[in-house]
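The values are calculated or read from the model by the stated rules, or taken from the named source; none is laboratory data. Keep in mind the model is a prediction, meaning the values are calculated, not measured. Every residue, glycine as well, gets a Cβ built from its backbone with ideal geometry; the counts of neighbours run over all protein chains shown.
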């Protein structure tokens, strides 16, 4: 036994030494592939240096070119569907301009971001939905569907809430309504089992976004779709932080927006983009866009600006939009988020807002589904409290809202 232990110790020493050398050699690759993202680069470098054996495997299996290949494929699909939709928009003579430019000044974004940062639209009806009421509102909108229902969610649970919406969509599909459901294959493993069989048998299309392939040369575990979007007849859209599941309806606190008007086309375009990537079905058709025009005279006129982002983005549009918004704040800045791990520029922007006399308040969860994230969030408290940022922790339940 002692000889075996000595033999293994020697071999492990050589493996660890080889892994350390490979980790050091891999650092330039990290710096190139994560250029412009210092926190991500530093995280990978710390992983490589501190746990070289595991770090080497993670970087070369998950972190390097495999993500770039997915980004190129997603960008190709994105460009294809965007060209089709832009042609459709031109034929329909659709104007997207609103009065929101002065509060959302992102007109000069680079070309690679232009399809993710949508032009502000006017003439929208917008209602804020609490998660306790939102599921009933979504159910009512689905029941009223005449032509199509498009649902995109990260998580769809096989529980009471999940069965309720599955059966409701199956009923609409049997009535002849086009039903398309896109769920992340990791977040919603039910897409691969019998749970959605009744919905598929009713004629609906149910697709899992990038199902994992263990033997694939390009692992997909870190290329996920966290969006939560519902579009009904191209007239009404719901965008939120809640998924389809009992905990989001009964135990978690969350908010969403129900939108009617031109901004629905932007939600539809985001869905169409992801749907095309997953299925190669092109939804750039007048039947899915501009359906709100008949009701335009009855809408209230709220301005909306939509920003899309994801792991396929070369830049971080949502981060940059938040940075701009924070720096333009004059009186009040109230932020609610379940996962507060701000970048250094965001922290600097929050401090600068206080220097200008802005009332800055953060509402963060006291109870979190990710304990490490909560601990990480609290590491920023002292710096922000010192400059006068007021921080509140929501006690009643898990706070999942992003406002």
- Query: What single numbered condition from (1) farther than 30 Å from residue 358 by Cβ; (2) buried (at least 16 other Cβ atoms within 10 Å of the Cβ); (3) modelled with pLDDT of 80 or more fails to hold for residue 323?
  - Reply: (1)
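Using the structure shown, decide if residue 333 is within 28 Å of residue 246 (Cβ to Cβ) and within 23 Å of the chain's Cα centre (by Cα).
Values: within 28 Å of residue 246 (Cβ to Cβ): no; within 23 Å of the chain's Cα centre (by Cα): yes.
It is false that residue 333 is within 28 Å of residue 246 (Cβ to Cβ) and within 23 Å of the chain's Cα centre (by Cα).
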- Task: Return a yes/no flag: does the range 196-215 have any residue that is crowded, with 22+ Cβ neighbours inside 10 Å, at pLDDT 85 or above and assigned to a loop (DSSP other than H, G, I, E, B).
- Result: yes
- Going through the range 329-351 one residue at a time, which ones are closer than 25 Å to residue 370 by Cβ, part of a loop (DSSP other than H, G, I, E, B) and without any contact (Cβ under 8 Å) to a residue 60 or more places away in the chain? 339, 340, 341, 342
- Can you give me the number of residues within the range 352-403 that are part of a helix (DSSP H, G or I), in contact with a strand residue (DSSP E or B) (Cβ under 7 Å, 6 or more places away or on another chain) and either surrounded by fewer than 15 Cβ atoms within 10 Å (Cβ to Cβ) or in contact (Cβ under 8 Å) with a residue 40 or more places away in the chain (or both)? 1
- Item | Matching entry among 71, 64, 35 (being within 23 Å of residue 319 (Cα to Cα), modelled with pLDDT under 70 and exposed (fewer than 12 other Cβ atoms within 10 Å of the Cβ)) | 35
- Residue check, residue 333 over 28 Å from residue 181 (Cα atoms), out of contact with any strand residue (DSSP E or B) (no Cβ under 7 Å at 6 or more places or on another chain) and not assigned by TED's automatic domain parsing to the domain that holds residue 206: no
- Message: I need a count of the residues in the range 48-60 that are touching a residue at least 12 places away in the same chain (Cβ under 8 Å) and either closer than 13 Å to residue 24 by Cβ or within 23 Å of the chain's Cα centre (by Cα) (or both).
- Response: 6
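For the range 112-120, state whether one or more residues are surrounded by fewer than 18 Cβ atoms within 10 Å (Cβ to Cβ) and either within 24 Å of the chain's Cα centre (by Cα) or part of a helix (DSSP H, G or I) (or both). Before the answer, list the steps.
Residues of the range 112-120 surrounded by fewer than 18 Cβ atoms within 10 Å (Cβ to Cβ): 112, 114.
Add one more test, that the residue is either within 24 Å of the chain's Cα centre (by Cα) or part of a helix (DSSP H, G or I) (or both), and what stays is 112, 114.
The answer is yes, given that some residue of the range 112-120 is surrounded by fewer than 18 Cβ atoms within 10 Å (Cβ to Cβ) and either within 24 Å of the chain's Cα centre (by Cα) or part of a helix (DSSP H, G or I) (or both).
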- Note on the structure: residue 318 meets each of (1) touching a residue at least 24 places away in the same chain (Cβ under 8 Å); (2) assigned to a helix (DSSP H, G or I); (3) not assigned by TED's automatic domain parsing to the domain that holds residue 208 with one exception, condition (1)
